Structures are given as C-alpha cells and as structure tokens.
1. Given the structure, is Arg368 more than 25 Å from Leu273 (Cα to Cα) and open to solvent by 20 Å² or more (accessible area, probe 1.4 Å)?
2. Mind listing whichever residues of the range 516-534 are in contact with a helix residue (DSSP H, G or I) (Cβ under 8 Å, 6 or more places away or on another chain) and loosely packed, with under 15 Cβ neighbours inside 10 Å?
3. Against the condition of a type in the set (Phe, Trp, Tyr), part of a loop (DSSP other than H, G, I, E, B) and within 46 Å of the chain's Cα centre (by Cα), how does Phe179 come out, does it pass?
4. Taking into account only those residues within the range 439-461 that are open to solvent by 10 Å² or more (accessible area, probe 1.4 Å) and among the hydrophobic types (A, V, I, L, M, F, W, C), which is modelled with the lowest pLDDT?
5. Determine which member of the set Ile231, Ile226, Ile216 is more than 46 Å from the chain's Cα centre (by Cα), of a type in the set (Val, Ile, Thr) and in a strand (DSSP E or B).
6. With respect to Gln167, is the statement that it is in contact with a Phe, Trp or Tyr (Cβ under 6 Å, 6 or more places away or on another chain) and open to solvent by 40 Å² or more (accessible area, probe 1.4 Å) true?
7. Is it fair to say Leu513 is open to solvent by 40 Å² or more (accessible area, probe 1.4 Å), among the hydrophobic types (A, V, I, L, M, F, W, C) and without any contact (Cβ under 8 Å) to a residue 60 or more places away in the chain?
8. For Ala246, all conditions in the list (1) loosely packed, with under 15 Cβ neighbours inside 10 Å; (2) under 24 Å from Arg907 (Cβ atoms) hold save one; what is the number of the exception?
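The values are calculated or read from the model by the stated rules, or taken from the named source; none is laboratory data. Because the structure is predicted, anything quoted here is derived from the model rather than measured. Every residue, glycine as well, gets a Cβ built from its backbone with ideal geometry; the counts of neighbours run over all protein chains shown. Quick note on the areas: whole protein, heavy atoms, side chains included, nothing else; ligands and nucleic acids left out. Shrake-Rupley method; radii C 1.70, N 1.55, O 1.52, S 1.80 Å.
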Amino acid sequence: MSWARKCKRNKYGPSFQYYDSEDKDDSGVRDEIHCHTEYISQSRKVSTRTSYYTTVDPLPSEDVDSQSVEFYDQPELPIFGHAKNPEELFPDGLKEEYQHYLTGLGYDIPSGHHKRTAGVGEIDSFLAELLCLEGHSEFKAELCPGCFTNIVMYRCSDCQDLQLYCQGCTLEIHTRNPFHHISHWAANHFKCISLKSLVYRLQLEHPVSKKCVNPIRTFGDQFVVINISGIHEIGLNFCGCGKAVACQIQLLQARLYPAATADLKIATTFRVLKHYHLLSCQLKTSAMHFWNTLCHCTDNTGIDRYPTFLHIMCQWRHLKLLKRVGRGHDETSMKGTALGECAVSCPVCPHPGKNLPDDWRDAPPERRYLYRLFVAIDANFHLKRKKMLSDKADPGLNHGYVYFVKKQEYKAHLEKLGDIISAKSSSCSNYNTIKFANLCGVNGVAASGVGTVDCSRYDMKWPGSVGDLQKGEQYINMDYIFLSSMDQNVPDNIILSYDTACQFEKNLLGRRLIYGTIFSFFAVILWLIPKFYFPAHQDSCHFTYSFNLNKEVGRTDGKAPERGWADANGMATSTKEMRPGSCCDTLDDIFGDYNWRKITSLGELLKKLKTAVEKRDEQMAAFQEFNNALPAEQMSNRAQAWHETISPSNMIESGLQLEETQYCFHADVLSQGIHTTDLQQSKILDRRSALHCKIDCWIEVQQSYVCSISGLHMRMIEEQSNTILMEDIPLLLPSQLADRYPCEPALLKIEWRLQEGQAYDALDDLHHHLCLQSHIFKFNDKFVRDMVYNTPAHAALLSMSLLLSKQGWQTSICPLKATDIQKMRVYGVGNGTEKNEGVQEALRVKWCTAHARAHHWTEECCLLLEEMQRIMQFHRWQAQWWSDKADDPHYAASPEHAEGLRAYVYRQANIRESMHSFCARTWSDVPQYMTFGQGSSDATSS
C-alpha cells in the first residue's frame, strides 16, 4: 500500500476524508523522484495538486505523517485537456499517466490537443458555470459564515471568496481593502454598491485597528480615489490630532497622490500611477484609453476626472525622475539640477572620470581609437506636435534636465539667428531633409518632428540632445542640438554620422563663430555617412564619408538611431495632441525608459562578441590565404599610393559623374520626342535646373585646382552661336584641357585611372548583361547607353595617352562598336597572362577588400572588449556614487526621512552592484576567448 494519501473534501463542510490508494512502485527503498497526487472534490468540480518528493530512506508506513517528507511542490495541474499541452506539462514521459487520470474522471482527450478547439465539447458546462456565478452559486446559507448571526446580503467582486456576508463582516474584511467592488443581493439579482454606502470610513494617519479621537471629514464628505480597479467614491477622514501633519502629507503616507494641495477632493493610488506609467512606456497606451478602461471597470459617476488624472500623471513622472537620479539626496534638491543631469546615460560611451582609465589621454596611437565617442545625428518626423498652447501656458516640469534642450534658450537662439543662418541648396543628392528645411512652413503644426543625438553603436539618447524642429532639419536647429549634447563632458575625439554629413560639416566652424560663446565644445570630429544612405549619395562622397573606407571604426554602420524610432513612434498619436510642456516631459520619460531597457539588455553583448570573433577569424583566414599567393608588399604600396590621391580625385570623379548625368539626361530628352505633355516638360525643366546647380558647384570646386577655369567656361559658351543647354555644357576635364590649356600632370594621371576604371566597369557590366541576355533582356533596349558612354571614355584616354606616355592600353580597351557586341559563347577574361594590367588591377582591388574586412572585424573585436570593460566600470562607479550618499543626511526633515533616504541609497547601490556582478560573471572568459583563432594576436595587441 502507498503511504501517499488522497483527500476528499466534504461538500457540506471544511473537513477532509482521507483514503489510501495503491502505488505502482512498492519497493522498500526509494532512490528516485516520486509523485504525490492530491484530489479535492467539491460540488461539481474536481481539482488536483501534484507534488514530487525524493529520499533515500525506506518508504514510510501508513501511520507516518506526510509532513515529515520533503516535498517539491509543482503548479496545480489542470483537469481539462485544452488548458495545457501535456507534452509541455510532462516532458519526462508522464503524459500517459496524465491521460489515464483524465480518462478516469470522465473527460475525453481530443486528438492533437489544439489549444483553440480542444475544449469545444466543454463549452456548455463552462457557460453554465459563468451563469451560476451570477447568483449565489453553491453558497446558499442564510446566516453569515463570519458571525453566524446576521443574514447574508453582500459579496465582494474582487475577493477570491465567493461566500456572502453580512454588513458588519463585510466592513471588517475590507478594512485593508477599501477599493474593492461590493455586490448587494437585491432580492433576485446582484447590484453594485460602494463601501461608502455601508458606512465605511478610511481613517488616515492611524493604524487600521485604531480610531482617531478627532477625525475630520473631507469637504462635503465627497472624496474620489482612482485605483487600478476603477474609480471609487469613498468616505475618508483626515486626522485632526495635535501632532497630525498636513492633509496632503497624510494622503501621501497612505500612498494616495493628491490632485491639488488646496482642494482635496480627489487622489490616485500609487499602484494605478505605477501601472499606467509602465503601460505608457511599454505599450505606448494613451491616457485617454487608460482612463476609459478605468471608467468601464466601475460604475461611471458622470464626473469628468480625466484632466485631473493627466495633471497627476505629469507630476508623478517628474517626481519619479528626480527620485531615480538622487535629487532627493542633495541639499539643493530640484533647484540645483543641472542640464541633462536626470538622463539615463549610456554606460558604453566613454565618460571621462567614470568609465575611462586615468591615463586614457596618454594612450599609444594604436589604442586611441578605443576611447573615441561614436554618436549619430538623426531626426524623426513622425513625432509631430500640433499648435495647441504656447510654452508660457504649458512650460512643462523638466526644464532641460533630461533629454530635451532648455526651451527658453533654444527658442531665443532660433529667433535671434534664424534669419542669418538658412539652409542652402544641396551640392549632393536632393534629400528630403534639405527639402523640408526650405519649406515655407507646416500648416497647423508647431513642431514638424524632433532632432536627436544618439550613441551610434547602441542607440541611446544623449543628455540634452533632443529638440523640436520647425521646418525640417535646418542647420540652426541641428547645430544647437548637437553642440548642446556635446557640452556634457565628452572626449575630444568623436566619430559623428549623419545622413547629410557631406552638407552639414560645411561651414560648421563659420556658423559656430556666429553663435558666439554659448557653446564651449571643441573636439576632433570625423564626419561619416551611415551605410544605409550611401547609395543615395554621389560617388564623390563615398571616399571621404564611408565607414568602410575609414580605419578604426570597426563594423559600425552609423544608423542605430533608426532602429529605435519604432519604439517612440507608438506614442506619436498621443504626443501629437499634447501641449508643448506635457509633450516634452512625456517623450523625456519614453526616451529614459528606452535607454534603461537597452542598459538591462547589455548582458547579451556576449553574443555580439562571439559573432565578431567568428567573423574576424573567417576574414583573417581568407585574407592570409589570399595574401600568401601575392606580393603583399607591392599590393600594400599600391594601395597606399591610391589613398594618397583621394583628395583631388573627388573633384575629377564628380566631373565624370556629371558627364554621365549629362549623357543620360540628353538621352532621356531625345526619347521624349516632339510631342511632349506639360508634365513632361515640367519634369525636364526641374531636372535641368538641378543639373545647372550641380555644374555650378563643380566649376566652383574646379577653380581651386585649375586657375581661370571659370573664364574659359564663359568663353566657350559665348563661342556657341545658339543657346547652349545644361546637358551640352563642356565640363573641361583635364583630358579636354590638355590640347588647349596647361594642366597639372597629377590631374591627368588621376583622370587616366578613373577613365580607365570606368572603361573596365562598362565592359564588365556589358559582360554580365550579355551573359543574361538570353534569359532576361533584349539587346537593343538595354545596352545602347553602355555603348554610347564607352566611346567618350576611349576618346579621353586617347587624348591623355600622348601626354602621359601610356602604351599598350589599346590592346585591352578598344573603341566599342555595335558589331563588337555579340552573344556570349566562350567565357573568359584577359589574355591569360599574370602580367595583364586588368588582372593586376582586379587583384589589387581584391587584396584591399580582403585586408579591409579582416582589419574592420579585428577592430570590432577590440571595440567590443573595451566596451565591456567600460560597462562594468560604469556600473561600479554608479554603485559607489550611490553608496557615498549613505552618509548621515543632515538635511533630512525627520528620522523617518533619513531612514528612507538610506534605504533607497542601498537599494540603488545593490541594483548597480548586481548588474556589475552579472556582467563580470558572464564576461569573465571573454579575454581568453579573444586569444583563440586567426587574428587573435592582432586583437590582443590592439
């Protein structure tokens, strides 16, 4: 016989009937886990509880008390097959036992256990149970089970107990639950009533079991409490004893937040404020939707308390903000708060004095890039705000303490210099940011979006880095936001990525001179363009602003902020209708919550490092294999020589790109024919105007390399008898000037290499297109532009070959004729010799690419290792910062206040210490892991 007992509850009383059941295993010694199942029968329901035990002692006899055995309780098992999947409930093979148990209770086990359809056969019984709860259910006793004297009349809808009680017992039960919903049995149905109607009084300033000798009722005996269970009208008494504190303080001590200090008629519980605070940050729930939900949770009294709830919520956000950053532990309190002090800082970014070594400024040159600051400028035009009220009518509460810049100074700056600094036309691509900046205005909108400065590697907002935008990303707006965020104790070496960095960095120093001394930030800035936006830029931007062509940036893509906007955009529909101060305070809270969630997820940085190490080893092995087959020194010298000619090549490459644009535009104009519509003519004029601006900018740059080039352009245009169009203006590249005007040989060499490369590119593209000709394209429609463009490239090479004494190039680059383009039959490249110049060029490009990939992944590993160290150091510094505030706070108002200050300090310090310990434990083997594989010596030495 089994020692495990099964109990059966009596239907009419609380007693249990025990009976024994046989156990399958009747061995004398138990050395494995066994199952103890407890069945409880009550009315029409049967529930079960299963516990697991283990012991090496002999099985107890029947008279052994089960309390002496160590149990490992498991969650209660459901008795319906659709509640949980048996495979998930019993992963160790107890599925058959569970099914046998259900079958014994009379339940059919549906095949498949589909969660949605498995319980279809039980719908009628479930519906019957729901309807039973509308009445007394099985509790039909007339006398109160609490006092056995009075007649039962009331049942609580929020308590788990379904029994009915009398009025006195109901009040006694709810002395600690004053915000429950009470139902009164009105002869034949339940009717909702309030505890106030049962003469319940909530007494403040005294324990629950004690009464006040001088209770003071609220004015008119009307007081409304907003709780998570609904909106309640309660009877409330303030304490009028001699040592009683102010009424609003009494409410706060009872964890009720008063709506006003003068007219105390409404309050909200801390629980509902915390609940909505989390919902607004996590689910972006609007206050209106949350308020409507509270109204539906209770009988609506018809009193509109929604504006009051909004005011309380704004104050609650601000108080929690000041509490989390330790302003309550400072003698100056809120008045001494500095700009950006309340922001949640990124622990990965370098903060001098917090997470950087003391000698970081004296680091060797090969390690200085580890202490660079990676930031990105971006804007979000989803976070608009309508014109509601002025900043004076709703100034907000944060006043630049968090992420938004200080409004008064920001607005004064825009009004003072807005007319002086205006957006100019783009000399690169025609971006929407430039278009929006040139708009006359946005109807009905006070802010067209927000501009921000973020950590470009981990997407965290920087303190004082957010500001409203009026007409897109104007220079004056983005300058103020960027310089304000960098005025926060940052390193003097910064890598900054921006969509329009090629335009933004121009004249930035001149604009700073106009701004004066309002910003003290000075640093060495490397301007780069995020990889995502590179295809939209001109080729001339690719050499200067590319992450891939710059060293010491790792695998940073520069577009981390774009990944975080999806989180903030969920609040856009709410903030669009808010007043200016409330909007800024709400977004400050959303950004802070997002930063904190990113910080708590930094423990997963180990996965990123593992991927980086694998990629480093893979790319390093590929590079070494390729490098061993080539004269590496020769490849390196040629790559270095190529980098030295980048600066003047930008000008010539832009000219070649403009020349190609002229050919394409000319072909498009000819394709329009004679009879064109007004819309087509308008588009042609727009394109011609844009081309005119680009050519003017290019000629201005060309003037710095070729003297008097603008005058020569004018003379050539005047020599034309007819009006010359933009697509026909000669650009006067060095190859076109060679026979009529003296030109620097260096420029001719640069253009030679670029023209030669374009010729090979055209042939290579044509080669790929011909390979696919029989599958996709038709010849006459697809390749006419390639043939046309290869002809001027050949002519340019021919004119420069005499001046540069180039020979042998005509064997690989010949004038492209229509008869030369034929269907591909034999696939091959070059003449098969290793000395072929085209093959050597391809090998040179391949070597540079392989070297760059291996180098970037090695840098990424070193950056990740350094960032892990900074994260742990930042957590340690923050824990110490909180611990230092545990000293005797002489500014505390009372002993209770001092105790609360210390308790909060220890709690915050413990959180930071736990985060540091978790990171240190998780990343303890990272330095050793970095030493394995290819390229480990380079990574560790860096």
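1. yes
2. Within the range 516-534, Ile518, Phe532 qualify.
3. Considered against the rule, which asks whether it is of a type in the set (Phe, Trp, Tyr), part of a loop (DSSP other than H, G, I, E, B) and within 46 Å of the chain's Cα centre (by Cα), Phe179 comes out as yes.
4. Restricting to residues being open to solvent by 10 Å² or more (accessible area, probe 1.4 Å) and among the hydrophobic types (A, V, I, L, M, F, W, C), the top hit is Cys440.
5. Being more than 46 Å from the chain's Cα centre (by Cα), of a type in the set (Val, Ile, Thr) and in a strand (DSSP E or B) holds for just one of Ile231, Ile226, Ile216, which is Ile216.
6. In short, no.
7. Numbers: open to solvent by 40 Å² or more (accessible area, probe 1.4 Å): yes; among the hydrophobic types (A, V, I, L, M, F, W, C): yes; without any contact (Cβ under 8 Å) to a residue 60 or more places away in the chain: yes.
It is true that Leu513 is open to solvent by 40 Å² or more (accessible area, probe 1.4 Å), among the hydrophobic types (A, V, I, L, M, F, W, C) and without any contact (Cβ under 8 Å) to a residue 60 or more places away in the chain.
8. With respect to (1) loosely packed, with under 15 Cβ neighbours inside 10 Å; (2) under 24 Å from Arg907 (Cβ atoms), Ala246 is out only on (2).
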